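Down below is the structure, laid out as structure tokens.
The values are calculated or read from the model by the stated rules, or taken from the named source; none is laboratory data. Note that the structure is a prediction, hence the values are computed from the model and not measured. For neighbour counting, all protein chains shown are included, and Cβ atoms are generated from backbone atoms with ideal geometry for every residue, glycine included.
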Amino acid sequence: MSKHYASSVPMAADRAMLKRRMDSPVSRSDSSLEPGDGSDCDLMAPLSLSCVYAAPPLVGPISSVFEDKLAEWRSRYSLRSSIILRVPTPEERASSYIPGEISVYEAFFDSSLRGTIPALIVGFCNLFKISPSQLNSPAWRILIAIQNLGDL
């Protein structure tokens with residue numbers, strides 16, 4: 001009864017099989033071709049621009065927020081006048097990126113967000129290199145709950 005042990009040293013049969021694979025015409029490269037010659041398999045060949053860039057499709061439903069809703073939020077959640085609220089355009093979604101702005105769901109206000117972003121959330125976003133607007137409502141609730149537990 002013989003036992004086989006895995007070893008990092010290749011056996012003679014393994015070396016022979018490897019040599020056969022390297023000698024096969026598929027694995028051999030043709031040195032006569034220069035990079036950029038335009039063969040089908042040439043990775044250096046210039047690509048033809050046969051397609052036109054199209055913007056990605058919009059994700060999510062259209063916002064149901066109107067000016068009167070913003071005024072209601074400002075009074076209900078005691079938002080300072082220095083915080084600018086605006087109604088999104090029909091082309092904007094919560095996942096849209098607009099420099100200098102943060103998309104806010106009503107659930108953010110329900111979970112105690114009041115204008116300043118807690119240090120834990122800033123650290124979390126910096127760690128993962130994401131924007132606070134990329135966090136969904138449950139993530140905000142969990143992070144704010146963790147921050148509140150840390151304040152006890």
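Would you point out the residue of segment 43-99, among those that are at pLDDT below 70 and among the β-branched types (Val, Ile, Thr), that is nearest to the chain's Cα centre (by Cα)?
Out of the qualifying residues, it is VAL59.
Exactly one of these conditions fails for LEU143: (1) hydrophobic (A, V, I, L, M, F, W, C); (2) loosely packed, with under 14 Cβ neighbours inside 10 Å; (3) at pLDDT 85 or above. Give me its number.
Exception for LEU143: condition (2).
Kindly indicate the residue of segment 127-140 that is assigned to a helix (DSSP H, G or I) and more than 22 Å from ILE83 (Cβ to Cβ) and also modelled with the lowest pLDDT among those meeting that condition.
The first filter runs over segment 127-140 and keeps only residues assigned to a helix (DSSP H, G or I), leaving 127-128, 132-134, 137-140.
Applying the additional criterion that residues be more than 22 Å from ILE83 (Cβ to Cβ) yields 127-128, 138.
Values: LEU127: 92, PHE128: 91, PRO138: 87.
So the residue we want is PRO138.
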